Amino acid sequence: MTSFFRILFLIIGTMPCWAYGFQTSYTISGTVKDKKGEALPGANVLLSGYQIGAVANNEGKYLISNLKPGNYVVLVQMMGYLPASVNVTLNDNPIVTVIVLTENTRQLKEVVIRPDPNRSQYLQVFRDSFIGTSPNAEETEIINPSVIRFDYDAERRILQASADEFIILENKVLGYRIKYLLKYFEKDDRLNLIRYYGNPSFEDLAKSDSKARKFKEKRDEAYFGSSQHFLTALFNNTSKKEGFSIYKMERIRNPNRLPDSVLDNRIKFYSQLATRGIRVVSHGEDSLKYFSQMKLSPDTIENLTMREVSTDTLVKKEVNNLRWMNYRDKLYVIYSGEKQSIAYSWQTSYKVSRPPHLKDEQVSIIHQPKNPVAFYQYGVAFEPGALLFEGYWGYEKVADMVPVDYRP
């Protein structure tokens, strides 16, 4: 298998605002204050993952209504203050919150920052790893890159990014302005691993009727075949009907590698011959070199079993509006509803091995670092970092993201 980048895609982490299929609607309300207890009128209150929000009135009070029961992340933005996020659960009663903001001292006072000659390089790496390299990413701009700080550990080859403010993005293909509260970002070059998560909120860019139709077409395209679409279909037990086929990648003994005991004996034998000036050739090359290289090869390899996984055995019943997925090794997911993009076919970092019979279907691999994984009806895992993606879903990033409640 070629080298790859894996991405912890929150699926993209803590983005969810989960709501369920009840008819009764509820409200989240409250007051936004500073640490002195003074109200903060004009504070912008958003729901993570949605296009829903409110503005605090002159008393610092806000109200978001017509919500269904579920878990939500409330985001608050106010000039001169650090962003805040609060997790709330709506059950049978409305929620009233008091959200206290902390002054952003970096924003309020002049901060002297020494120029970093590598900053432009770090910013490009962050952009490719966070926004992506897809056609949608090419038309997505970071409006306020100055709020992003970087820390690079040269010894460990790890780039980390952080921000005290929302990162503002404009996606001119999907027609969204995204405010992203970054919680974590790390790119590990030694492990070829990208991990990030946070809280995005969405609002529509201004659009004409013709642009609205184009946005709708591109949003549908972004949703279909995505990890969000897959987990939603898995929750509803409609994954096969919606174009997903699920297989397992299992680790098996490497058939091209001899046991360690045999290799050790052969390496010892040919080493003794080499000290006497005797060179033996096998398999077209020096025997000592041949078996020494075999010793370095892995004991096991990944094997794709072309026997479809039954969702009845993969997904456990619903508990507290969650479903649970538990499996060993990895899942190999093929989506036949759309072809992979031409841009993806040019990539090398994200490609995964494919059976010969597959042509242009989208292929993704799901790693499950911890068992089991809980996920919601809207296609996002309960715990940030619960799933790692390889292949097409590793390639798709923030520029290919739609709100959690988006449905074509």
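Taken over region 6-36, residues that are modelled with pLDDT of 95 or more and surrounded by fewer than 15 Cβ atoms within 10 Å (Cβ to Cβ) amount to 0.
Specify the residue that is surrounded by the most Cβ atoms within 10 Å (Cβ to Cβ); the eligible residues are those in region 308-357 that are among the acidic types (Asp, Glu) and part of a strand (DSSP E or B). Among those residues, the one meeting the criterion is Glu338. Take the conditions farther than 25 Å from Pro115 by Cα and touching a helix residue (DSSP H, G or I) at 6+ places or on another chain (Cβ under 6 Å) and apply them to Leu174. Does it pass? Judged against the criteria, Leu174 is a match. Of all residues in region 55-68, those being part of a strand (DSSP E or B), at negative phi and surrounded by fewer than 18 Cβ atoms within 10 Å (Cβ to Cβ) number 4.
Per the conditions (1) assigned to a loop (DSSP other than H, G, I, E, B); (2) of a type in the set (D, E, K, R); (3) buried (at least 20 other Cβ atoms within 10 Å of the Cβ), the sole criterion not satisfied by Arg190 is (3). The lone criterion from (1) part of a helix (DSSP H, G or I); (2) assigned by TED's automatic domain parsing to the domain that holds Leu263 left unmet by Arg279 is number (1). Within region 35-49, residues that are within 22 Å of Tyr180 (Cα to Cα) sit with their Cβ atoms under 7 Å from residues that are buried (at least 20 other Cβ atoms within 10 Å of the Cβ) and of a type in the set (Phe, Trp, Tyr), at 6+ positions apart or across chains, in these pairs: Val45/Tyr62; Leu47/Tyr72.
Scanning region 388-407 for residues that are more than 8 Å from the chain's Cα centre (by Cα) and assigned to a loop (DSSP other than H, G, I, E, B) returns Glu396, Met401, Val402, Pro403, Val404, Asp405, Tyr406, Arg407. Is it the case that region 54-72 has a residue that's modelled with pLDDT of 75 or more and within 29 Å of Lys187 (Cα to Cα)? Scanning region 54-72, I find at least one residue that is modelled with pLDDT of 75 or more and within 29 Å of Lys187 (Cα to Cα), so the answer is yes.
I need the full set of residues from region 69-81 which are over 13 Å from Val45 (Cα atoms) and either surrounded by fewer than 17 Cβ atoms within 10 Å (Cβ to Cβ) or within 24 Å of the chain's Cα centre (by Cα) (or both), in order please. Answer for region 69-81, where residues must be over 13 Å from Val45 (Cα atoms) and either surrounded by fewer than 17 Cβ atoms within 10 Å (Cβ to Cβ) or within 24 Å of the chain's Cα centre (by Cα) (or both): Gly70, Asn71, Gly80.
All of (1) surrounded by fewer than 18 Cβ atoms within 10 Å (Cβ to Cβ); (2) within 30 Å of Asn91 (Cα to Cα) hold for Asn303 with one exception: (2).
Residues are listed down the side, and each one gets a yes or a no for (1) crowded, with 17+ Cβ neighbours inside 10 Å; (2) aromatic (Phe, Trp, Tyr); (3) free of Cβ contacts under 8 Å to residues at least 60 places away in the same chain:
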| position | (1), (2), (3) |
| --- | --- |
| Phe166 | yes, yes, no |
| Lys179 | yes, no, no |
| Phe185 | yes, yes, yes |
| Gly198 | yes, no, no |
| Lys207 | no, no, yes |
| Ala212 | no, no, yes |
| Lys218 | yes, no, no |
| Ala222 | yes, no, no |
| Ser226 | yes, no, no |
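The set of residues in region 228-242 that are of a type outside the set (A, V, I, L, M) and buried (at least 19 other Cβ atoms within 10 Å of the Cβ) comprises Gln228, His229, Phe230, Thr232, Phe235, Ser239. Does Glu302 satisfy the criteria of being modelled with pLDDT under 90 and within 30 Å of Ser271 (Cα to Cα)? No, not satisfied.
The values are calculated or read from the model by the stated rules, or taken from the named source; none is laboratory data. Being a predicted model, the structure only gives us computed values, none of them experimental. Heads up, the Cβs are rebuilt from the backbone with ideal geometry, glycines too, and the neighbour counts pull from every protein chain shown.
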